[in-house]
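Please treat every number below as a calculation from the coordinates, not as lab data. In this text, all values refer to a predicted model and were calculated from it rather than measured experimentally. Methodologically, a virtual Cβ is constructed for each residue, glycine included, from the backbone with ideal geometry; neighbour enumeration extends over all protein chains shown.
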Amino acid sequence: MADALAQQRPAAAAASPLLKVADLEGWYGESHVLHGINFDVREGEVVTLLGRNGAGKTTTLKAIMGILAKRRGSITFDGKELIKLPARAIARLGVGYVPEERGIFASLSVDENLMLPPQVKPGGLSVDEIFQLFPNLRERRTSQGTKLSGGEQQMLSIGRILRTGAKMILLDEPTEGLAPVIVQQIGETLAKLKREGFTIVLVEQNFRFAASVADRHYVVEQGKVVDMILNEDLDASTEKLHAYLGV
Amino acid sequence: MFELLGIPPQALFGQLLLGLINGSFYAILSLGLAVIFGLLNIINFTHGAQYMLGAFVAWFLLQYLGIGYWWALIIAPIAVGITGVILERLMISKLYHLDHLYGLLLTFGIALVIQGLLRNEFGISGLPYSIPPQLAGGQNLGFMFLPNYRGWVVVASLVVCLATWFVIEKTRLGAYLRAATENPTLVGAFGINVPRLVTLTYGFGVALAAFAGVLAAPIYSVNPNMGAELIIVVFAVVVIGGMGSILGAIITGFGLGIIEGLTRVFYPEGSSVVIFVIMAIVLLIKPAGLFGRAA
């Protein structure tokens, strides 16, 4: 599988990547959880990180975002090295983060939640465009953020990042615990964002969902990227993937 | 001359007014504590000393620079607020990764140092600070005599408390503050400078204390111990209202001042302990405080 990775990497590197993660290591306190993550994402691509629970996918996103306090290696975004930067500086470069737990604030209304992240780059979606994308939110503007349903909270969590003008979005398990009809709506949203040129790094357990939106898949195992599969090769690689994911 | 429940109205309203005055100070001070605790998770034991510093700065301004009350009302909170910013940057911020207890010990120690230094220099007999001439005298309301300055203290406190409430609950800046109180990591990941927000919030809470100190200067004499005496009651107010609740701090502050005043009318012996009795009862029945959200 290392060979497969080596063969495919030059193709990915042909257009210079928007995000390049090299030898990324990370720790939670004393516990060493990332052991050398390598992957890259080209502009306009949707890339997933697949892997079992605890493989280090969420931690990888946190390390890119600068939330993981202790990290080493190299993360370059748009030609800039992020490894030494605090989270707020990384956000200001145009990296948007949608956390797994959604991060909707209970003491803020839906409107306030939506308006909270400052605009970091020009060209973000307007509030009206966000409401066109997620019509449910419009009727709930004055509600307390956490009074929304799980699906609405996920939409709010994605929507507020689209306002900021961030061109790359780190999306952590957006479909977790949601009804199929909501999952479908979020899938359509991601497809639309991809058409509009957003670059998305998606952590996903829902394999079928991942396959429906992504260009490429990186497999994470025990804090390392062990394989890369193009979406069009997915059918041919089913067996291999099942072995990785233990399904 | 009418009487209410056997109490002459002058005595009743006089004590009610006194209660309202005390309540004004309770409200501003517990509001500052609540704002600071909400975001910093630190129980700011320096608060009483910072209130006292506000009064001292007003006195210094008048004594050495000839700057009067109205300017002091603006300058003292800013000056003391800046000392708060420096204190937070240099010392308090080093303790955020530790247990709350360390912040409490540090701020308590700093309060003792500030009070000790000023006590050494000025003694404890108190320095006079006169009421500004515009607010001298009073109004005869028929049922009682209202000194103008005391009326002003109540109005000014209410305005400052409500303005603070408005900023925190209704503005963009307040939304940052509330969000950072809930989840500072995520707010930082949106590109907001949370450490700076924390520093400014501490400075603002301290400035509120100093503002109360200037208001207090003409009523109580300017004394190094004035904060230490008051702050114990204010902590009881904060416990009753619930740590971290903005509106709770304001309502509880004024409410308990009034209750204290009424107690002084109907059962004077109980007036100095009534707030602590209420605190004990609240702790037993609703430990998070009347307006507190259970953790």
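The relative contact order of region A:102-163 comes to 56 percent, based on Cα pairs under 8 Å that sit 6 or more residues apart.
The distance separating the Cα centre of region A:151-219 from that of region B:170-210 comes to 30 Å.
Rounded to the nearest 10 degrees, the angle from helix A:180-195 to the longest Cα principal axis of chain A is 80 degrees. Close amide H partners of B:L127, meaning residues 5 or more places away or on another chain with modelled amide H under 5 Å apart, are B:V222, B:N223. Of all complete DSSP H helices in chain B, those with a Cα span along the helix axis of 24 Å or greater and a mean Kyte-Doolittle hydropathy of -0.5 or more are B:9-40, B:47-65, B:69-90, B:100-122, B:148-170, B:194-216, B:246-266.
Entry note: region B:149-295 has Rg to Rh equal to 1.01, where both radii use alpha-carbon atoms and Rh is the Kirkwood radius. Judged by the mean number of other Cβ atoms found within 10 Å, the most tightly packed of the peptides B:138-148, A:200-210, B:104-114 leads the ranking A:200-210, B:104-114, B:138-148.
Mind checking which aspartates and glutamates have their C-alpha under 17 Å from A:K147, skipping anything on the same chain fewer than 8 residues away? Candidates past the 8-residue exclusion: A:E101, A:D111, A:E112, A:E139, B:E182. Checking the table A:K57/A:K167; A:K121/B:K94; A:K84/A:K192; A:K70/A:K121; A:K20/A:K240; A:K20/A:K192 against a 29 Å threshold on Cα-Cα, which pairs fail? Pairs exceeding the cut-off: A:K121/B:K94; A:K84/A:K192.
Here the contact order of chain A, divided by its residue count and restricted to Cα pairs under 8 Å and six or more residues apart, works out to 27 percent. Sorting B:199-209, A:226-236 by average packing, meaning the other beta carbons within 10 Å per residue, from highest down gives B:199-209, A:226-236.
Over the residues of the protein assembly as shown, the helix contribution to mean residue ellipticity at 222 nm works out to -17500 deg cm²/dmol, using -39500 (n - 2.57) for each DSSP H run of at least 4. Counting only alpha carbon atoms, the long axis of helix A:2-13 and the longest principal axis of chain A meet at about 50°.
Among B:T263, A:T142, A:T60, A:T164, the order by Cβ neighbours within 10 angstrom, fewest to most, reads A:T142, B:T263, A:T164, A:T60.
The separation of region B:66-142 from region B:225-295, counted between C-alpha centres, amounts to 22 Å. Remark: the B:Q139-B:V159 segment gains 5.1 nm on full extension, using 0.36 nm per residue and subtracting the alpha carbon distance. Summary value for chain B: 38 percent relative contact order, contacts being C-alpha pairs under 8 angstrom separated by 6+ residues.
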